[in-house]
Amino acid sequence: MTTPPEGFLFDVAAPPTPVERLLLLADQYVQHNDMLDRLLRAYPPSEPNAHAASAQRLASATRTALKAVTDGRLFRSPDLSDAVVRLEQLAFLSSASADQQLPMARTLTALAPEAAMGCANTLAYEIRRRGGTAAGDGPEHTLTAAHHTALWESQ
């Protein structure tokens with residue numbers, strides 16, 4: 001048995017912060033909605049539930065992001081409470097869209113990228129406002145003006 005090189009043992013990427021997780025979630029919703037748009041335009045029409053697996057993955061990813069936000073143990077603020085409720089709604093809508101026909105499924109997730117971005121923005125603001133880091137988050141991760149511009153242009 002050989003031992004791996006020493007640097008290999010500790011070369012593990014840190015898990016994404018809750019803000020990063022929400023940004024990744026917004027991107028996943030954009031990709032999902034793009035796929036739904038392609039399915040809606042497909043000829044011959046695609047299978048009625050071709051989107052179901054993707055919708056279920058999104059619901060799971062949203063619940064994971066929600067858990068990351070709530071595990072941050074930030075003090076509740078009205079804005080942060082609204083963001084948590086919105087994430088719960090996104091998880092519900094994503095799960096429900098798996099059982100719908102394509103046009104309705106697309107409608108249910110239409111606003112999800114913007115909602116996930118808004119939640120990321122709220123969380124980043126709350127972390128910054130409270131003086132730095134949430135418990136266990138490591139260094140502060142906030143959205144810069146360049147991040148906002150790039151993310152809103154990608155939608």
Looking at (1) closer than 26 Å to residue 103 by Cα; (2) in contact with an Asp or Glu (Cβ under 8 Å, 6 or more places away or on another chain), which is the one condition that is false for residue 77?
(1)
Among the residues of the stretch 39-80, count how many are within 17 Å of residue 19 (Cα to Cα) and not in a helix (DSSP H, G or I).
6
Please name all residue pairs, on different chains or six or more residues apart, with Cβ atoms under 7 Å, provided the first residue is in the stretch 7-20 and is more than 20 Å from residue 126 (Cα to Cα) and open to solvent by 50 Å² or more (accessible area, probe 1.4 Å) and the second residue is modelled with pLDDT of 90 or more and assigned to a helix (DSSP H, G or I).
none
How many of the residues in the stretch 114-155 are touching a His at 6+ places or on another chain (Cβ under 9 Å), modelled with pLDDT under 70 and assigned to a helix (DSSP H, G or I)?
0
Restricting the search to the stretch 1-27, which residues are modelled with pLDDT under 85 and among the hydrophobic types (A, V, I, L, M, F, W, C)?
1, 8, 9, 10, 12, 13, 14
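With the requirement that a residue be open to solvent by 70 Å² or more (accessible area, probe 1.4 Å) and at pLDDT 95 or above, what does the stretch 45-66 give you?
Within the stretch 45-66, 56, 57, 63 qualify.
The values are calculated or read from the model by the stated rules, or taken from the named source; none is laboratory data. Just so it is clear, the model here is predicted, and its values are computed rather than measured. Here Cβ is always computed from backbone atoms with ideal geometry, including for glycine, and neighbour counts include all displayed protein chains. What goes into the accessible areas is simple: the full protein's heavy atoms, side chains included, and nothing from ligands, DNA or RNA. Shrake-Rupley method; radii C 1.70, N 1.55, O 1.52, S 1.80 Å.
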